[in-house]
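The values are calculated or read from the model by the stated rules, or taken from the named source; none is laboratory data. Given the structure is predicted, the values throughout are model-derived calculations rather than measurements. Glycine gets a Cβ as well: all are built from the backbone with ideal geometry, and neighbour counts include every protein chain shown. Ligands, DNA and RNA are stripped out before the accessible areas are found, and what is left, the full protein with its side chains, is counted by its heavy atoms. Shrake-Rupley method; radii C 1.70, N 1.55, O 1.52, S 1.80 Å.
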Amino acid sequence: VSNQNASECYLKAVKESHFISSDKVVRLMDEVESIFEKHFANNDRKKAMKFLRPQQRKASHMVTFFVGLFTGCFVSLFTVYALLAHLMGIFYGGRRKDYMNTVYPIFRCELCSMFALLSLHLFMHGCNLFMWKSKRINYNFIFESSPKTALTYRDAFLMCTTFMTIVVGALVIHLLLGASGYPQGPLAFSMLVCPFNIFYRPTRYRFIRIIRNIVCCPFFKVALVDFFMADQLTSQIPLLRHLETIACNLLARNFRTHHYETCSDVKLFQELTYVISFFPYYWRAMQYVSAMVAAGAKLTYERNKDDHVWFAMVLVTSGVATVYQLYWDFYRDWGLLRSTSTNLWLRDNLILKNKSIYYMSMALNAVLRVAWLETTMKIDKDSEKKLLDFLLASLEVIRRGHWNFYRLENEHLNNVGKYRAVKEVPLPFGEIDSDG
């Protein structure tokens with residue numbers, strides 16, 4: 001608590017105290033456990049002990065080893081892929097056209113875009129986990145996660161590097177075999193719902209429950225972790241649209257015929273694009289109602305590039321949505337811009353000692369919020385537009401990861417300052433260091 005290494009002295013004093021060996025204290029502890037078990041756990045002792053005596057997860061350096069291993073494999077496989085592609089000349093002449101018309105649509109949607117955006121989000125989450133832990137923000141307590149099964153930053157980095165290693169490995173295998181291949185989406189989905197206790201099953205199943213709560217929010221109680229995840233989904237609209245493309249191509253068997261225009265030319269597919277773009281905002285409708293209007297205007301303008309009326313609509317609706325979202329980010333979610341604060345236009349309590357970081361973070365968030373201006377640019381080449389869309393989607397994921405830190409910092413300070421009622425209160429002593 002005082003940022004001093006007093007653990008040994010503290011434990012020594014505790015062990016020498018009378019209450020550590022007193023039979024009376026032991027009996028009182030048993031009575032407290034019995035009362036809690038009866039009134040708060042429905043006479044389920046196992047459930048009661050999860051709250052009263054939570055077990056800290058013991059980290060293993062094997063996770064660190066695999067992070068390094070997969071990182072090395074990713075770099076090596078990416079180098080091999082680049083060399084093979086150059087030697088085989090697939091990016092030059094006639095082979096470049098064939099590759100872009102057959103292989104690229106598969107791996108752009110399935111691997112290079114969808115999995116890359118997912119991996120980037122996991123990487124940003126790992127960075128947040130590391131910062132939250134180093135700044136003593138009790139994220140497990142806020143998200144109501146079990147310390148025994150919650151992801152650590154090493155786990156997030158491992159998942160990130162594993163995904164990208166598999167992606168590049170699939171590209172190398174595809175290049176060597178010269179086959180059209182199939183996307184890995186069904187495999188990824190099967191891993192998500194795998195019933196065996198492998199691949200972080202508690203985390204996978206909790207993720208599924210959270211998504212269920214978000215989609216069926218009128219019928220399920222929504223907690224902080226649910227609308228926190230809903231905010232993440234609003235930054236992954238490109239990924240959801242990639243999933244739509246993949247599902248359509250799978251149903252139409254386009255990965256065999258290479259007739260990818262089948263999906264893009266179908267009217268129903270185009271209408272579903274609107275729906276998918278709206279869904280994440282609908283789930284956060286009270287906050288993002290202006291963004292829903294802006295998203296519709298953008299999609300319509302993309303199909304009517306020469307219509308100046310829709311160009312003006314995009315500027316007006318996106319501008320209004322951006323201003324409102326910045327207000328919500330800074331004032332509501334981050335708790336900043338308080339005119340009466342002792343820290344100029346920030347808030348009274350700050351975890352980061354350097355105040356200038358907050359001002360720079362607000363400026364960075366504002367810059368990344370106006371990335372929608374890309375839709376007003378007239379780019380003729382489809383490949384360049386797709387590359388720019390992927391770049392902007394990546395910047396939005398980075399912005400969301402950056403936003404997450406300050407959002408949880410504000411929630412942590414509110415929990416401490418407003419004495420919110422909770423089921424369990426963690427002791428004010430540092431949690432067991434898993435790095436030792």
**Message:** Take the conditions within 16 Å of Glu302 (Cβ to Cβ), at pLDDT 80 or above and either open to solvent by less than 60 Å² (accessible area, probe 1.4 Å) or touching a Ser or Thr at 6+ places or on another chain (Cβ under 9 Å) (or both) and apply them to Leu392. Does it pass?
**Reply:** yes
**Message:** Being modelled with pLDDT of 90 or more and closer than 17 Å to Ser235 by Cα narrows it down to one residue among Ala371, Ala366; which is it?
**Reply:** Ala366
**Message:** For the structure I just gave you, tell me whether Tyr301 is in a helix (DSSP H, G or I) and open to solvent by less than 70 Å² (accessible area, probe 1.4 Å).
**Reply:** yes
**Complete:** Asp333: passes all of (1) over 22 Å from the mean Cα position of the chain (by Cα); (2) at pLDDT 85 or above but (1)
**Request:** Could you tell me whether Glu384 is assigned to a helix (DSSP H, G or I), open to solvent by 60 Å² or more (accessible area, probe 1.4 Å) and either modelled with pLDDT under 90 or under 23 Å from Phe227 (Cα atoms) (or both)?
**Result:** yes
**Request:** Check Val316, Val289 and return the single one that is farther than 25 Å from Leu118 by Cβ and at pLDDT below 70.
**Result:** Val289
**Message:** Out of everything in region 116-160 that is touching a Cys at 6+ places or on another chain (Cβ under 8 Å) and of a type in the set (Gly, Ala, Ser), what residue ends up being nearest to Ile237 (Cα to Cα)?
**Reply:** Ser119
**Prompt:** Within region 257-272, is there a residue that is modelled with pLDDT of 70 or more and under 18 Å from Val215 (Cα atoms)?
**Reply:** yes
**Prompt:** Tell me, which residue of region 217-227 that is open to solvent by 20 Å² or more (accessible area, probe 1.4 Å) and assigned to a helix (DSSP H, G or I) is farthest from Ser145 (Cα to Cα)?
**Reply:** Phe227
**Prompt:** Based on what the data block shows, is Gly185 surrounded by 15 or more Cβ atoms within 10 Å (Cβ to Cβ) and at pLDDT below 85?
**Reply:** yes
**Message:** So for region 126-148 (the condition being at pLDDT below 90, surrounded by fewer than 21 Cβ atoms within 10 Å (Cβ to Cβ), touching a Pro at 6+ places or on another chain (Cβ under 8 Å) and over 21 Å from Asn404 (Cα atoms)), does at least one residue qualify?
**Reply:** yes
**Prompt:** Looking only at residues in region 330-365 that are of a type in the set (D, E, K, R) and part of a loop (DSSP other than H, G, I, E, B), which one is surrounded by the fewest Cβ atoms within 10 Å (Cβ to Cβ)?
**Reply:** Lys353
**Prompt:** Of everything in region 1-39 that's out of contact with any helix residue (DSSP H, G or I) (no Cβ under 7 Å at 6 or more places or on another chain), assigned to a helix (DSSP H, G or I) and among the hydrophobic types (A, V, I, L, M, F, W, C), which residue is modelled with the lowest pLDDT?
**Reply:** Leu11
**Asked** Tell me, which residue of region 188-216 that is assigned to a loop (DSSP other than H, G, I, E, B) and of a type in the set (Phe, Trp, Tyr) is most open to solvent (accessible area, probe 1.4 Å)?
**Response** Phe196
**Prompt:** When region 161-178 is examined, which residues are found to be open to solvent by 20 Å² or more (accessible area, probe 1.4 Å) and closer than 24 Å to Ser235 by Cβ?
**Reply:** Thr161, Thr162, Phe163, Met164, Ile166
